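A.B. asks: Dropping the structure in here first, questions after.
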Amino acid sequence: MSRTTSYTVDPARIEGVVGEPLFAAVAEEAALQGIPAFAIGGYVRDRLIGRPCKDIDFVVEGDGIAFAEAVAMRLNAGPVHVFKNFGTAMFTLRQAQGDMQVEFVGARKESYSRDSRKPEVEPGTIRDDQERRDFTINALAISLNPGSAGALVDPFGGILDLDRGLLRTPLDPDITFSDDPLRMLRAVRFATQLGFVIDPPTFEAMARNAKRLEIISAERIHTELNKIIATPKPSVGFKLLLDSMLLHVFFPEMVDLQGSEEVNGIGHKDNFYHTLQVLDNVCAKSEDLWLRWGAILHDIAKPKTKRFEPTHGWTFHGHEDKGARMVPGIFRRLKLPLDEQMKFVQKLVALHLRPISLTKEEVTDSAVRRLLFDAGDDIDALMILCRADITSKNDRKKERYLRNYDLLMEKLKDVEAKDHVRNFQPPITGQDIMRAFGIPPCKLIGDIKTVIKDAILDGVIHNDRTEAWQLMLKTGRELGQEPVVVEDHGHAQGQ
Ligand code: ATP
Ligand code: MG
């Protein structure tokens, strides 16, 4: 694999730091207290490659909390938030160029026991602190000390790795990953975000330690996973997750998509790589994280619904419904939100085959209305997913499918302009029905509402209260209920 980044690493980008108020304040405080202080980690990395960064970490060889309070005082910044358990303190620095989150911590030395994520922590030197970082490019520090202020402190060759686009652990990767297995996922995340290559010995250690990811909480896992999904080309990350077998630990359903079977010389596409292509296609059109999740999960039930039918070849009947039913289990396990976002993903999965069935010439307005009704405001997201789902290698076929979708989108627009079913609200409420027939809440009310909804979606009546009222009376009578009020005296409240 080759590096895809176009960042240029320029050490000159940190030359003037001590002239900037924040760094000057830290340097002055370090000199005054005689405590070595350094800027470290992501900020230094991002500044060297010219990537914007809104948070900055400082490490001091001493009490980070007292130091933070002194620096905040110098800058007239605050309040300082103290996290005693972690020995950290932070404040927001308001600046014309945008606010900055500034955090201070005392340099630490950590030792881990094998079955726990909770390390023994004791005060250490800057070198100890750099050793416990995940990658050489994240262990870079800038000295803010008398005699060396503004100099890079780079004991592991981080600047060289940054320049050649390489992710490498500062220590033996088996130790770094065993101490905190989340770092393996971070390797994949940085490789995807920055377009970097994971150094082969580091990658081999990931494969060896993949199972250790089991001790990591679902929240920490999904935070990194969502960062991978938020990049312009998440397929890069998912391939690495599969190859390192990290994916097997937290997302086995996705691993199951991989592979192709052959019967009587007939194969089917590899649904893992197809899914990744759909995902990248969606990412080219939308930043919406949950639409991206829809792409990841749209075919998730294909392995469970796969059949070989001698007359049809491979089929995946019902994978859209089964897939939608699998979404809550996956979201629950990964501790992703179970509310609106999950329902949106479920809807995309459930409906992802509907538009294709509507690209035939003779499609009725009724079928178009039903899709608009079922998709509601998510119709545009659904169409992005469906267009992304065309991964044929045959360009002429692809063109034709896309043109069919263009026609469907026109039709959707026309029907919506005419019938307004996208945000359909039933013109007759349950209250209306109860009042008209003098009945308490019961099943009949739902039945009548369904008849009215279907009649509107099928174009039998207009989306109009008077027509719906008449249909309500007629339906009630057919179901053996005589109305007590036949004239409509206007809207009732509630449903
Ligand atoms: P971003 O802010 O873009 O997510 P980052 O590298 O700044 O990336 P943070 O989570 O902000 O990541 O962490 C700041 C720094 O702390 C990192 O650059 C790294 O040096 C260190 N770090 C964070 N998490 C870990 C970890 N799990 N193991 C080791 N070092 C870590
Ligand atoms: Mg950061």
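The values are calculated or read from the model by the stated rules, or taken from the named source; none is laboratory data. What you see is a predicted model; the values in this text were computed from it and never measured. Cβ placement follows ideal geometry from the backbone for every residue including glycine, while neighbour counts extend to all protein chains displayed. Heads up: the accessible areas ignore ligands, DNA and RNA and are worked out on the full protein's heavy atoms, side chains in. Shrake-Rupley method; radii C 1.70, N 1.55, O 1.52, S 1.80 Å.
A.B. asks: Restricting the first residue to the range 172-185 and requiring it to be farther than 12 Å from Ser217 by Cβ and near ligand 1 (Cβ under 10 Å from one of its atoms), which pairs with a second residue that is open to solvent by 10 Å² or more (accessible area, probe 1.4 Å) and not in a helix (DSSP H, G or I) meet a Cβ separation below 6 Å and a spacing of at least six or different chains?
C.D. replies: Partner pairs satisfying both residue conditions: Asp179/Tyr112; Arg183/Asp134.
A.B. asks: Now a separate question. For the range 42-150, list the strands (runs of 3 or more DSSP E) that sit wholly inside it and hold at least 2 residues that are within 31 Å of the chain's Cα centre (by Cα); which are they?
C.D. replies: 55-60, 81-83, 88-93, 100-106
A.B. asks: Please count how many residues of the range 311-339 are in contact (Cβ under 8 Å) with a residue 24 or more places away in the chain, assigned to a loop (DSSP other than H, G, I, E, B) and open to solvent by 50 Å² or more (accessible area, probe 1.4 Å).
C.D. replies: Count: 1.
A.B. asks: Hey, another quick one. Looking at the structure I just gave you, is Ile228 within 16 Å of ligand 1 (Cβ to nearest atom), open to solvent by 20 Å² or more (accessible area, probe 1.4 Å) and in a helix (DSSP H, G or I)?
C.D. replies: No: the conditions fail for Ile228.
A.B. asks: Taking Leu408 as the residue in question, decide whether it is touching a Pro at 6+ places or on another chain (Cβ under 7 Å) and either closer than 22 Å to Glu467 by Cβ or crowded, with 19+ Cβ neighbours inside 10 Å (or both).
C.D. replies: yes
A.B. asks: While we're here: Kindly indicate the residue of the range 10-34 that is aliphatic (A, V, I, L, M) and open to solvent by less than 30 Å² (accessible area, probe 1.4 Å) and also farthest from ligand 1 (Cβ to nearest atom) among those meeting that condition.
C.D. replies: Among those residues, the one meeting the criterion is Ala24.
A.B. asks: May I pose another question? Please indicate, with yes or no, whether at least one residue in the range 65-75 is within 16 Å of ligand 2 (Cβ to nearest atom), on the phi < 0 side of the Ramachandran plot and out of contact with any Lys or Arg (no Cβ under 6 Å at 6 or more places or on another chain).
C.D. replies: The answer is no, given that none of the residues of the range 65-75 is within 16 Å of ligand 2 (Cβ to nearest atom), on the phi < 0 side of the Ramachandran plot and out of contact with any Lys or Arg (no Cβ under 6 Å at 6 or more places or on another chain).
A.B. asks: Next up: Looking at the range 152-172, can you tell me whether even one residue there is over 16 Å from Gly62 (Cα atoms), under 29 Å from the mean Cα position of the chain (by Cα), surrounded by 21 or more Cβ atoms within 10 Å (Cβ to Cβ) and at pLDDT below 95?
C.D. replies: No, every residue in the range 152-172 fails to be over 16 Å from Gly62 (Cα atoms), under 29 Å from the mean Cα position of the chain (by Cα), surrounded by 21 or more Cβ atoms within 10 Å (Cβ to Cβ) and at pLDDT below 95.
A.B. asks: Another question, then. In this structure, does Gly78 turn out to be small (Gly, Ala, Ser), on the phi > 0 side of the Ramachandran plot and touching a strand residue (DSSP E or B) at 6+ places or on another chain (Cβ under 7 Å)?
C.D. replies: Taking the combined requirement at face value, the residue satisfies it.
A.B. asks: Output the residues belonging to the range 366-389 that are surrounded by 17 or more Cβ atoms within 10 Å (Cβ to Cβ) and in contact (Cβ under 8 Å) with a residue 60 or more places away in the chain.
C.D. replies: Arg369, Arg370, Phe373, Ala381, Ile384, Leu385, Arg387, Ala388, Asp389
A.B. asks: Give the residues of the range 120-150 that are of a type in the set (A, V, I, L, M, F, W, C), under 26 Å from Glu28 (Cα atoms) and either at pLDDT 95 or above or surrounded by 22 or more Cβ atoms within 10 Å (Cβ to Cβ) (or both), sorted by residue number.
C.D. replies: Passing the criteria: Ile126, Ala139, Leu140, Ala141, Ile142, Leu144.
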